[in-house]
1. Can you work out ³J(HN,Hα) from phi for every residue in the stretch 50-66, in order, using Karplus 6.51 cos²θ - 1.76 cosθ + 1.60 and θ = phi - 60°, giving whole Hz and x for Gly and Pro?
2. Can you give me the three principal axis dimensions of the stretch 33-90 from its C-alpha atoms, in Å, biggest first?
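Only the coordinates and a few stated rules stand behind these numbers; no lab work does. Because the structure is predicted, anything quoted here is derived from the model rather than measured.
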Amino acid sequence: MTSSSNEAEGGNEAPFEPAPPGSTLPTDANIPTTPRELEAVYDIPVQVSAVLGRATMQVSQLLKLGRGAVVELDRKLGEAVDIYVNNRLVARGEVVMVEDNRLGVTMTEIVKADRGL
């Protein structure tokens, strides 16, 4: 599209200008795609969280809670839990028991990320 066709369509945007030489704008050519290109990020720690559900309550209700109190969550038994990586929802899954009576999560659905920044 040229600037004249942009004006003909009623747009007030400046015409497209290519990036200056040496700039590092994200392009498909700059995105790592092979395991070798990704090696630099393999050792970066991330925080993984599984959220069973959420509840909202007033501070006065919170202060009344004691040992044995049950907090009702917004999920039903057997409903998928949300899996977050660095506070970003990435998947949903089911709670499972792994060795030594520890809990784990089996991913059942990958959540498509909105890449718009």
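1. For the stretch 50-66, the Karplus curve yields 10, 9, 6, x, 9, 9, 10, 8, 7, 4, 4, 5, 4, 5, 7, 5, x Hz.
2. Computed over the Cα atoms, the extents are 54, 24, 18 Å.
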